[in-house]
Amino acid sequence: YMMMSSRYTTALLQCIRRGGGWSSSSSASTEGCALALSRAGFASTANSEITVETNPVLTHKLDAVTNKVPSTTITVSAAELKSLFEQMYRMRRMEISCDMLYKAKQILGFCHLYDGQEAIGVGLEMSLDKKDSIITSYRDHALYLARLGNNGEAVHKVIAELMGRGTGASKGKGGSMHMYTRENNFYGGCGIVGAQVPLGAGLAFAHQYKDDGQIGVALYGDGAANQGQIAEAFNLAALWDLPCVFVCENNHYGMGTSESRAAKSSAFFTRGDYMSGIKVDGMDVLATREAFRFAKEYALEHGPIIVEADTYRYHGHSMSDPGSTYRSRDEVSDVRARRDPIEHVKRLLIDNDLAEAGELKAIEKEIKKEIETAIEKAKGDALPGQETMFEDVYVATGDASARGTRPGTWHKLT
């Protein structure tokens, strides 16, 4: 008890020193104290954990291989829920900031946002370790953020890349569609529709060849699901029992075309035919976390599996798409009201007395400030120099050079 009181006093004194004393009348100060005490482990909670029942998981040919299924009865602690809330909110706020920067012409070119789909990115990362390999489509900002640790430093790398700065995720040369970090086994960001899926199978093949106990994850959208190269990747992955998880992020629109107009069968988790598949609520981070944990275990033991995550994107396909010509504003508002992944976790916390509204508001404010700091830092970063055009062209260049645009000029490749 004395140790607990001492830690509480320390946290309280730190709060007061920052100007957030109980005598202050400002709501900001009160929220700051709530956050400080919450992170020290003294949140005002009636219970430390709750048990949640998620939506049923649909399965395809799973019972022929295993009697296991992803759990839909999940016990989760207050600390876990707060972490999930924080990670998803950071993704959301970063993407909203990207929207504003794009409209202000500080981000140019292609820009595909992830808001609405955060439960997939967070749930996936929570089920993997950094030695597992991930490759995804051009909607990659949030997945890159999660791979790097979902923190302010990672936000800066995303924003800097979008602004074309040399400090960005791909040294300012990849842009929105080509975030990359070899150190964390994140292989992009692929701009060609569906092309990342056979590459993901190749990553899984590398893990199998090395026998390192890791998996490859290939994410794609419902719009890419009809690609022939995906069927080819499925075939080889199944033929060789590759430890690969194929994730279809079904947000129901391939650019501006609804799934019902593009696919004769929109049960994408059954597309493997000879491969097992599951369909999960992609707007519930607890459901996705359990589904991906199950999928990783399955892939290591039995080979490839398809996970279809039923989700929704709030923005249009890209920033050039208003997202309102092929769907109604009422449809978007309805999904936000009923299924928003962040609001779902927020309700679990508040309704079960695991957190107070002030604590969560303080987390939101801190993340907003963190992202504003990252943006300002990126604005001040330098653009990549002209000499970087000839870097990272080949793995081993030797004495190779490239001819310049002016007669007689050559540039050494590095």
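The values are calculated or read from the model by the stated rules, or taken from the named source; none is laboratory data. This structure is a prediction, so every number in the text was calculated from the model and none was measured. Cβ placement follows ideal geometry from the backbone for every residue including glycine, while neighbour counts extend to all protein chains displayed. Keep in mind that these areas ignore ligands, DNA and RNA; they rest on the heavy atoms of the full protein, side chains included. Shrake-Rupley method; radii C 1.70, N 1.55, O 1.52, S 1.80 Å.
The slack in the chain from Leu236 to Asp212, taken as 0.36 nm per residue of separation less the alpha-carbon distance, amounts to 6.6 nm.
For the stretch 82-176, with only Lys/Arg (+1) and Asp/Glu (-1) charged at the beta-carbon, what is the dipole magnitude about the Cα centre, in debye rounded to 20? Don't skip to the answer; put the middle values down first.
Numbers: 14 positive and 11 negative charges, 66 e Å.
It comes to approximately 320 debye.
Relative contact order of the stretch 157-287: 16 percent, from C-alpha pairs under 8 Å at least 6 residues apart in sequence.
For the stretch 325-414, the relative contact order is 15 percent, taking Cα pairs closer than 8 Å that sit 6 or more residues apart in sequence and dividing their mean separation by the residue count. In the chain, excluding the sites themselves, the longest stretch lacking any of the trypsin sites (Lys or Arg not before Pro) that are in a DSSP loop with at most 10 other Cβ atoms within 10 Å is 106-263.
Ordering Ser265, Phe294, Ile306 by the projection of their Cα atoms onto the charge dipole of the stretch 258-312, which places +1 on the Cβ of Lys and Arg and -1 on the Cβ of Asp and Glu, puts Ser265 at the extreme positive end. In terms of its Cα atoms, the stretch 93-140 spans 37, 18, 14 Å along the principal axes, sorted from long to short.
For the chain, excluding the exposed loop sites themselves (chymotrypsin sites (Phe, Trp or Tyr not before Pro), DSSP loop, at most 16 other Cβ atoms within 10 Å), the longest remaining stretch covers 111-239.
Each listed q (0.08, 0.10, 0.11 Å⁻¹) maps to a log10 I(q)/I(0) for the chain, found by the Debye formula over equal Cα scatterers with no solvent: -0.48, -0.74, -0.88.
The residue list Ser328, Ala362, Val345 was ranked by how far each Cα lies along the charge dipole of the stretch 296-414 toward its positive end, using unit charges on Cβ atoms, and Ser328 comes out on top. For the stretch 50-184, taking the reciprocal of the average inverse distance between every pair of different Cα atoms yields a Kirkwood hydrodynamic radius of 16.4 Å. Its alpha carbons give the stretch 368-414 an Rg and a Dmax of 17.0, 51 Å.
How long are the semi-axes of the equivalent ellipsoid of the stretch 304-357, taking √(5λ) for every eigenvalue λ of the Cα gyration tensor, in whole Å from largest down? Please list the in-between numbers first.
Numbers: eigenvalues 149, 66, 19 Å².
Calculated on Cα positions only, the semi-axes equal 27, 18, 10 Å.
Restricting to DSSP H runs of at least four residues, report the calculated mean residue ellipticity at 222 nm for the chain, -39500 (n - 2.57) per run over all residues, nearest 500 deg cm²/dmol. Kindly include the intermediate steps, with their values, before the conclusion.
Details: 13 runs with 178 residues, N = 414.
Calculated mean residue ellipticity at 222 nm is -14000 deg cm²/dmol.
Each eigenvalue of the Cα gyration tensor of the stretch 270-414, multiplied by 5 and square-rooted, gives one semi-axis; in descending order these are 43, 28, 20 Å.
What you get for the chain, charging only the Cβ of Lys and Arg (+1) and of Asp and Glu (-1), is a dipole of about 1120 debye around the Cα centre. Mind running the shape call on the stretch 205-301? Use the C-alpha gyration tensor, a ≥ b ≥ c as the square roots of the eigenvalues: rounded below 1.5 for a/c, prolate if a/b tops b/c, oblate otherwise. Oblate is the answer for the stretch 205-301, as a/c is 1.5 or above yet b/c matches or exceeds a/b.
Farthest toward the positive end of the dipole of the chain, out of His178, Thr66, Ala218, is the Cα of His178, where the dipole comes from beta carbon charges about the Cα centre.
Equivalent ellipsoid of the stretch 149-234: semi-axes from √(5λ) of the C-alpha gyration tensor, largest first, are 26, 18, 10 Å. Considering only beta bridges that DSSP places wholly inside the stretch 238-339, some 15 percent are antiparallel. The charge dipole of the stretch 157-230, taken about the Cα centre with unit charges on the Cβ atoms of Lys, Arg (+1) and Asp, Glu (-1), comes to about 360 debye, rounded to the nearest 20.
Out of the total accessible area of the stretch 58-123 (probe 1.4 Å, heavy atoms of protein only), what percent is carbon and sulfur?
On the way: 1500 of 2670 Å².
For the stretch 58-123, the apolar C and S fraction of the accessible surface comes to 56 percent.
Here the contact order of the chain, divided by its residue count and restricted to Cα pairs under 8 Å and six or more residues apart, works out to 20 percent.
Taking every DSSP beta bridge that has both residues in the chain, what percent is antiparallel when rounded to the nearest 5? The antiparallel proportion sits near 40 percent.
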